[in-house]
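The values are calculated or read from the model by the stated rules, or taken from the named source; none is laboratory data. The structure presented is a predicted model; accordingly, all values stated were derived computationally and were not measured. Every residue, glycine among them, receives a Cβ derived from its backbone with ideal geometry; neighbour counts consider all protein chains shown. SASA here: full protein model, heavy atoms, side chains in, ligands and nucleic acids out. Shrake-Rupley method; radii C 1.70, N 1.55, O 1.52, S 1.80 Å.
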Amino acid sequence: ALMLEQSRKESASTSAYIAKNMDLYEKAKNSLPYTLTEDQQKTIDSAIEILQSGRRLNGLVQGDVSCGKSIVSYLLAAIVVGNGYQAAIMAPTQVLAKQHYLDVSALLEPLGVRVAYYGGTDMHTSERKAMLSEIKNGTIQIVIGTHSLISKDVEYNDLALTVVDEEHKFGVIQREALIQKAASGVHSITMSATPIPR
């Protein structure tokens with residue numbers, strides 16, 4: 001809560017990234033093999049209201065492990081992509097980042113969205129250069145990875161949304177880089193599992 005409050009104070013309250021087109025979001029939602037829960041839909045609807053208002057979205061999606069937080073963020077990413085922007089999804093481990101990549105690809109690539117996993121130094125130099133070029137020119141619409149997504153090497157074409165899974169596992173430097181993006185009006189979603197009493 002303190003981290004979110006600090007982030008809110010240092011972030012822009014308005015954003016130039018306004019969502020007007022909901023077509024991709026509706027297609028993605030309708031392609032799901034299940035119906036969203038009431039809480040998921042309510043969370044998405046409240047985010048949409050902010051995304052359409054010109055205010056900057058700075059949201060926390062909190063819930064038990066496997067309760068369906070991720071699909072909320074994927075559908076919000078679909079909204080910004082459907083409006084011509086980019087989204088970045090950052091996870092604390094490669095395993096989790098690759099799982100997000102597989103899930104987002106399965107949901108959005110059939111709808112024509114270009115999704116990529118960026119592994120930073122784990123990639124061959126030529127592959128990394130090619131991907132960085134596609135992120136910079138906007139060919140890649142959703143990029144997923146670990147903290148490598150906020151390294152100086154990665155330049156976005158029109159980043160409108162950052163999604164951070166388990167932000168508490170990131171260090172001060174990574175958080176600072178996200179706050180800088182927030183200062184320019186980039187929307188942000190943080191996902192966090194409900195703390196389990198020990």
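Tabulated values for the structure
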| read-out | value |
| --- | --- |
| Complete set of residues in the stretch 22-48 that are touching a residue at least 24 places away in the same chain (Cβ under 8 Å) and open to solvent by less than 60 Å² (accessible area, probe 1.4 Å) | Met22, Leu24, Tyr25, Ala28, Lys29, Leu32, Leu36, Gln40, Thr43, Ile44, Ala47, Ile48 |
| When residues of the stretch 101-140 are limited to those that are of a type in the set (A, V, I, L, M) and without any contact (Cβ under 8 Å) to a residue 24 or more places away in the chain, the one farthest from Ala28 (Cα to Cα) | Met123 |
| Test result for Tyr17, at negative phi, aromatic (Phe, Trp, Tyr) and either more than 17 Å from the chain's Cα centre (by Cα) or in a helix (DSSP H, G or I) (or both) | no |
| Residue list for the stretch 144-192, filter: modelled with pLDDT under 80 and either at positive phi or in a strand (DSSP E or B) (or both) | Glu166 |
